[in-house]
């Protein structure tokens, strides 16, 4: 009898996994960092790590479909004479015309308006498609000031001063040459076909003291009518919220690192900023200490996918949430029905993130007329409206189960956490215990 | 002539009165007294009125101006005439940083000196400075003309796009992708017109040098990585 030593199974490194190795090879071959769209893809503590407790002996539930559960929210009541009145606590995040096609902006406007909520412009100005379809439109005031003009400022329903975004706190915008068409170039006052790098800092203010004066100027220009939002990337939420409030914001928007971008370096997306879940409680704490919780509204974004995420964000103290990536998926982004085309681009449905290349088979992140023509704004808008309604119904279902007659009555006490990390970030007890890590000294 | 004394009147009252003048109003010349460095004076104007401010102002005077003529009979704080679309803003003294930032159109005249980042991200505005400008002026300047009758500081025109820069004195250094360019007859003609509009008729256009983009950084190339560093 012969004996063969049993071979060991080839073992790949957890540190040098397939993706890491492929990125080293790609970098060695091209000499340039990887650029992509979307937000952080790594596993992060998130809303999935929280659960609602529901009603029990001490809490009465409300009857589904019968007993009322409100979802309306007013944004900007602190100083603005014309605050935004939304029917649902879910808004559409800023995404630029340029990174998105005109049809996609049109569809976002249609869907949001049908659901009773707002959309937000982006770097590159206000497109006529979005203004005509969005009943409530938030006009972003960005470092680049592309397309910024007082006429559109006065047409807006609110103004959002963008300090940063979750995918890249501290980074500027990027729109590569293949998407700088004649129309995009004209709106941004740039030569056609160049790689556009937007500024990461505002050109005419630095720091909260300046921002206070900038906000005052915008209020003076718009006769103190428009709500003014300040958007920051998830980074130092306690201090950022306090400083935004000090600067005079009506609304603070915090975008966690799962929040999407049109085009940014992979290394930036995955390594700068903090998870959405970690942003909410410090932000709420800052508002509570200032006596302004629910008076200065807090909008949370970055990885919101369903009504449970909405309910959890609100329970932790947010007034509303904002969606970007999920809204694009509702329009038709990354649909497996186009798998052959995603494969041809070297990707697969569900993973396609080369939004900066302008070759999106779904016609959303492109300026190519043929591709853009594939997106029917009416149909896509209806899909978005459906999705927003489902998210709202889901959030109401959970709120009723917790005995709340308005989604804003959800509270941290309705939640528990599945992991120690989530318990610490959300400041709610680990499930089955009364332990909140960080409270009580350990 | 309407006269608004900011020692007693609210700034909000002044700006809203200027925004909502009745069509055809003959109140086209306004005077503002005692600004005492107030911010956001005469911002968002949208009609062909003249507003003369007797004294120095703070941040963002004349911001987002359309059509109006704003005269600051003193000095101006940061961001004077920021994002101006049309009309004219004239500062008789000096201007602080970011003068004319992101302006799309119109004319900004600074009779004294302008500080750093004059014309940052300018998008079509014309800026004429009788004295000097500070460092990083015309940073990421996209379109329009910046005329400096004195000297320019460090890193002039860094990351410039298609704006044209004219400097009569010395330039301490040029920023990334900014180079000296040939002064052709059409540029001399343009420069003469800008100096004339600014009221600086005695200055010879041929005494200026022209600067603009080398256009080498318009599309990213790893071979240019050192230029970004």
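Mean residue ellipticity at 222 nm, helices only, chain B: -3500 deg cm²/dmol; runs of at least 4 DSSP H residues each add -39,500 (n - 2.57), and the sum is divided by the number of residues.
When the Cα convex hull of region A:35-426 is projected onto planes of every orientation, the mean area is 18.1 nm². Calculated FRET efficiency, residue A:85 and residue A:30, Cβ-Cβ r, R0 56 Å, to nearest 0.05? Calculated transfer efficiency: 0.65. Between the Cα long axis of helix B:185-198 and the first principal axis of chain B there is an angle of about 20°, rounded to the nearest 10.
The alpha carbon centroids of region A:288-360 and region B:170-221 are separated by 46 Å.
Residue exposure proxy: A:81, B:213, ordered by other Cβ atoms within 10 angstrom of their Cβ from fewest to most, comes out as A:81, B:213.
On the beta carbon distance between residue B:173 and residue B:216, with R0 = 22 Å, the FRET formula returns roughly 0.80. Region B:1-38 and region A:5-46 have Cα centres spaced 63 Å apart. For region A:226-265, report the % of Cα-Cα distances exceeding 17 Å. So the portion of pairs separated by more than 17 Å is 34 percent. Roughly speaking, what is the centre-to-centre gap between region A:223-284 and region A:372-390 when only Cα atoms are used, to the nearest Å? Taking the Cα centre of region A:372-390 as reference, the centre of region A:223-284 is 27 Å away. Translational diffusion coefficient, Stokes-Einstein: compute it for region A:108-153 using the Kirkwood radius over C-alpha pairs as Rh, at 10 °C and 1.306 mPa s, and state it as an integer in µm² s⁻¹. My calculation gives 148 µm²/s for D. In terms of surrounding Cβ atoms within a 10 Å radius of their Cβ, A:146, A:238, A:60 rank from fewest to most as A:60, A:238, A:146. Summarising the label geometry, the points placed 7 Å from Cα in the beta-carbon direction at residue A:223 and residue B:186 lie 4.3 nm from one another.
Projected label points at residue A:53 and residue A:68, each 7 Å from Cα along the beta carbon direction, are separated by 2.8 nanometres. For region A:352-371, the residues whose amide N sits under 13 Å from a probe point set 7 Å from the Cα of residue A:337 along the beta carbon direction are A:362-363.
The calculated FRET efficiency for the pair residue A:41 and residue A:246, based on their C-beta separation and a Förster distance of 45 Å, comes to about 0.80. Put simply, the Cα atoms of region A:172-282 extend 41, 38, 21 Å along their principal axes, the longest span coming first. When both bridge partners sit in the protein assembly as shown, DSSP labels roughly 20% of those beta bridges antiparallel. Computed from label points 7 Å out along Cα-Cβ, the spacing between residue A:305 and residue B:67 is 5.3 nm. GNM on chain B, alpha-carbon springs under 10 angstrom: the most fluctuating residue among B:54, B:123, B:189 is B:189.
Residues A:219, A:145, arranged from fewest to most other Cβ atoms within 10 angstrom of their Cβ, appear as A:219, A:145.
In the distance distribution for the protein assembly as shown, Cα-Cα pairs more than 37 Å apart total 42 percent. Using every pair of separate Cα atoms, the Kirkwood estimate puts the hydrodynamic radius of region B:3-217 at 16.9 angstrom.
In units of the rule-of-thumb radius 2.2 N^0.38 Å, region A:1-109 shows an alpha carbon radius of gyration of 2.03.
Computed from the coordinates by the stated procedures, all read-outs in this text should not be read as laboratory data. Model, not experiment: these values are computed from the prediction. With ideal geometry, Cβ positions are generated from the backbone for all residues, glycine too; neighbour counts draw on all protein chains shown.
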